[in-house]
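The values are calculated or read from the model by the stated rules, or taken from the named source; none is laboratory data. Just so it is clear, the model here is predicted, and its values are computed rather than measured. FYI the Cβ positions are ideal-geometry reconstructions off the backbone, even for glycines, and counts take in every protein chain you see. Heads up: the accessible areas ignore ligands, DNA and RNA and are worked out on the full protein's heavy atoms, side chains in. Shrake-Rupley method; radii C 1.70, N 1.55, O 1.52, S 1.80 Å.
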Amino acid sequence: MESVNGKQKSYIKLIWVLSIAIPVVVAILIFAPEKIKGAGDWVYILPHLNATFNSITTVVLLLGLYFIKQKNIKAHKSMMSIAFMLGSLFLVSYVIYHSTADSTIYGDLNGNGVLDDFEKSKEIMRWRGLYVGILLPHIILAAVVVPFVLFAFYYALTDKIEKHKKIVKWTFPIWLIVSITGVVVYLMISPYYLN
């Protein structure tokens, strides 16, 4: 039988494997030269669903913070479990969408995948710059937050509360920023969705 210490090392190793594998697999699926065919038009609802997941996650994270400040650990655990579940659903939905549908280009009014001269106007490009300026940190922080979230949950589930408290000082603000900027990115790109 595996010792407790050995099990803990296995879980920690699994967290690191997932923390590396998730962003790598997502990047491969998004940037693959060919999209997976046959998913159908239903996938075009997924960005709207993802924005909903991010919006609810923002509220749930804030409620989780409120409850822990009130020392209501049971409610805090419930909120954080919901946030984890929403994050997992978001990830699955995000991967399905980006592996099956062409990416939407900010400013592409006619949806042909190319920015023509009108679409490259100063006004659209100015807003595109802001969009990219929000999108890039969002993507980077979304990848960075994965191990933080996994370790925060692991420490909470194994009653390593001091370690949990230390890591959530970083996890909470990063996760909150990711969920908020996810909604902002969606609101900025959604006028260019054709479906």
Sole residue being part of a helix (DSSP H, G or I) and surrounded by 18 or more Cβ atoms within 10 Å (Cβ to Cβ), chosen from Ile68, Ile96
Ile68
Any residue in the stretch 119-133 that is without any contact (Cβ under 8 Å) to a residue 60 or more places away in the chain and within 25 Å of Leu86 (Cβ to Cβ)?
yes
Can you confirm whether the stretch 176-188 contains a residue that is assigned to a helix (DSSP H, G or I), in contact with a Pro (Cβ under 9 Å, 6 or more places away or on another chain) and open to solvent by 60 Å² or more (accessible area, probe 1.4 Å)?
yes
For the stretch 143-159, the count of residues that are of a type outside the set (Ser, Thr, Tyr), under 19 Å from Lys71 (Cβ atoms) and more than 17 Å from the chain's Cα centre (by Cα) equals 2
Give me a count of the residues in the stretch 24-64 that are touching a residue at least 12 places away in the same chain (Cβ under 8 Å), assigned to a helix (DSSP H, G or I) and open to solvent by less than 80 Å² (accessible area, probe 1.4 Å).
22
Selection status of Val184, within 14 Å of the chain's Cα centre (by Cα) and of a type in the set (Val, Ile, Thr):
yes
Does the stretch 1-23 include one or more residues that are touching a Leu at 6+ places or on another chain (Cβ under 9 Å), part of a helix (DSSP H, G or I), free of Cβ contacts under 8 Å to residues at least 60 places away in the same chain and open to solvent by 60 Å² or more (accessible area, probe 1.4 Å)?
yes
Out of Leu136, Leu86, I need the residue that is within 13 Å of the chain's Cα centre (by Cα) and either open to solvent by less than 40 Å² (accessible area, probe 1.4 Å) or in contact (Cβ under 8 Å) with a residue 12 or more places away in the chain (or both). Which one?
Leu86
Please go through (1) under 20 Å from Ser78 (Cβ atoms); (2) free of Cβ contacts under 8 Å to residues at least 60 places away in the same chain; (3) part of a helix (DSSP H, G or I); (4) open to solvent by 40 Å² or more (accessible area, probe 1.4 Å) for Pro173 and return the number of the only condition it doesn't satisfy.
(1)
